[in-house]
Amino acid sequence: MSCGIEIKEKERAGVINPIFTCQPAGAQFVSIGVKDCIGLVHGGQGCVMFVRLIFSQHFKESFEIASSSLHEDGAVFGALNRVEEGVDVLLMRYPDVKVIPIISTCSTEVIGDDIDGVIRKLNDGLLKEKYPGREVHLIPVHTPSFKGSQISGYDVAVEAFVKHFAKKSEPNGKLNLITGWVNPGDVTEIKHILNEMEIDATVLFEIESFDSPLMPAEHTVSHGETTIEDLVDTANATATLALNRYEGAKAAEYLEDEFQVPATIGPTPIGIRNTDLFVQTLKEITGKSIPKSLAYERGVAIDAIQDLTHMFLADKKVAIYGSADLVISLAQFCLDLEMKPVLLLLGDDNTKYVKDPRIEELKKLQENVNFKMEIVTNADFWELENRIKNEGLELDLILGHSKGRFIGIDYKIPMVRVGFPVYDRAGMYRDPIVGYKGAMRLAELMANTIFTDMEYKKNKEWVLNMW
């Protein structure tokens, strides 16, 4: 059997069933995490309609995002007038709106619409003449859809927001913590760890409130709670910790270069190993001690995982797809669980993936195991299906978001939903996959999925009777 890690780019030029959606989706996700903010997407209506649909499918909530509604005439003659009209309408209709990111798309980048220029025009004209004295921030966010993905769009947008707002004043003694593209349940767990360590932090972005209640006497709208003041004060923090290399690191590096706020990138706290590193990093950055309460949570998680690993998870062959930060962290966790992550699919065209230091760490983790791990960059779902259908790849489990569910269904491979979007399982956005609680939940979720598959196929279900 050949062993080791093989890293390669997808060999085909085209894409068959993409793993990701486009850059503007990432920028829109950032916009709904900021209070008093409505993003204006400069492009066709579908650039907003389909993204809002995905958000609604995943979070089971509706979000406010606007469109300049580009049509054929705009594609030929330019459509900056639609941006001007859109900003005016938003300010008239929403008196509390203070932040409007102007998010470009493939069509408006191709025709060369100057969104930076129209923002200068609006600042000098419309805002002074029609809305004098009103606080309004127009932020250009360049996210052409013909390159990158929702992940790079998120990274670009976080940097754009921080660049616009960050302003040096007095030190605030706080930590900036950039979560990356996570769920509300992950933010809750991250804030729990911060609270246990008594660390005061600005969490970008505060999206716990996405899960809006139904109230008898008032109307609630799902939206994030990160304020303008939070973003301004990022320049005055003691340090910035970005949990993900490709989802927020640009903003952390900007704060370090511009305001001398030290930046630390990673680790993504998925699994026991990476959560240990995360907690240790927090200790080193802030000088805070690690409380016994977190050690207890860690012990509970390890005990739960130990109950499952050797008998039920060991040697299970896994394919994982999604964003690089998520996929690599999940692969690390699977190796710690004695599983075999044989195929990792990174779904966009970022050329930096092949030099990711975590892949080198994976090689070290894999030195004592006897299987081959294949990592495919710029991948699509055909890379997964072709290996199963035509190349004889045998899998016990698939980890990924709901877009790949038909591969699991068609080839009768159990699948754990993780990542974005997840719309064919209930409430997944509420539960964390980060931290010690997330590690325990994820291991139990994988085990329960395998148990269900054993019963459905009547394959070794007798093993469960041994308990």
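The values are calculated or read from the model by the stated rules, or taken from the named source; none is laboratory data. Note that the structure is a prediction, hence the values are computed from the model and not measured. We place every Cβ from the backbone using ideal geometry, glycine too, and count neighbours over all the protein chains shown.
Side notes on the structure shown:
- For beta carbons closer than 9 Å, sequence separation of 6+ or different chains, a first residue in the stretch 204-219 that is closer than 29 Å to Ala157 by Cα and a second that is of a type in the set (A, V, I, L, M, F, W, C) and modelled with pLDDT under 80, the qualifying pairs are Ser212/Val221.
Yes/no matrix, rows are residues, columns are (1) hydrophobic (A, V, I, L, M, F, W, C); (2) within 23 Å of Val327 (Cβ to Cβ); (3) in contact with a Gly (Cβ under 8 Å, 6 or more places away or on another chain):
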{"position": "Lys250", "(1), (2), (3)": "no, yes, no"}
{"position": "Glu253", "(1), (2), (3)": "no, yes, no"}
{"position": "Gln260", "(1), (2), (3)": "no, no, no"}
{"position": "Pro267", "(1), (2), (3)": "no, yes, no"}
{"position": "Ile270", "(1), (2), (3)": "yes, yes, yes"}
{"position": "Leu282", "(1), (2), (3)": "yes, no, no"}
{"position": "Thr286", "(1), (2), (3)": "no, no, no"}
{"position": "Tyr296", "(1), (2), (3)": "no, no, no"}
{"position": "Gly299", "(1), (2), (3)": "no, no, no"}
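- Condition broken by Met49, with the remaining ones in (1) modelled with pLDDT of 90 or more; (2) crowded, with 21+ Cβ neighbours inside 10 Å; (3) more than 19 Å from Lys121 (Cα to Cα); (4) not acidic (Asp, Glu) satisfied: (2)
- Selected residue (criterion: surrounded by the fewest Cβ atoms within 10 Å (Cβ to Cβ)) from residues of the stretch 174-209 that are part of a strand (DSSP E or B) and touching a Gly at 6+ places or on another chain (Cβ under 9 Å): Ile178
- All positions within the stretch 15-73 that are β-branched (Val, Ile, Thr) and under 16 Å from the mean Cα position of the chain (by Cα): Ile19, Thr21, Val30, Ile32, Val34, Val51, Ile54
- Helices (runs of 4 or more DSSP H) fully within the stretch 82-167 counting 3 or more residues that are within 18 Å of Thr227 (Cβ to Cβ) and touching a helix residue (DSSP H, G or I) at 6+ places or on another chain (Cβ under 8 Å): 150-165
- Every residue from the stretch 292-347 that is touching a helix residue (DSSP H, G or I) at 6+ places or on another chain (Cβ under 6 Å) and among the basic types (Lys, Arg): Arg298
- Hey, Ile228 over 26 Å from Ala25 (Cβ atoms), outside the structural domain of Gly39 (by TED's automatic domain parsing) and surrounded by 18 or more Cβ atoms within 10 Å (Cβ to Cβ) or not: no
- Test for Ala319: is it in contact (Cβ under 8 Å) with a residue 12 or more places away in the chain, among the small types (Gly, Ala, Ser) and under 30 Å from Ala13 (Cβ atoms): yes
- Scanning the stretch 264-291 for residues that are touching a helix residue (DSSP H, G or I) at 6+ places or on another chain (Cβ under 6 Å) and of a type in the set (Lys, Arg) returns a single hit, Arg273.
- Lone qualifier among Tyr423, Tyr456 - being of a type in the set (Phe, Trp, Tyr) and more than 30 Å from Gly266 (Cβ to Cβ): Tyr456
- The set of residues in the stretch 25-67 that are under 24 Å from Leu231 (Cβ atoms) and part of a loop (DSSP other than H, G, I, E, B) comprises Ile32, Gly33, Lys35, Asp36, Ile38, Gly39, Glu61, Phe63, Glu64, Ile65.
- Verdict on Glu218 being at pLDDT below 95, surrounded by fewer than 21 Cβ atoms within 10 Å (Cβ to Cβ) and farther than 24 Å from Ile139 by Cα: yes
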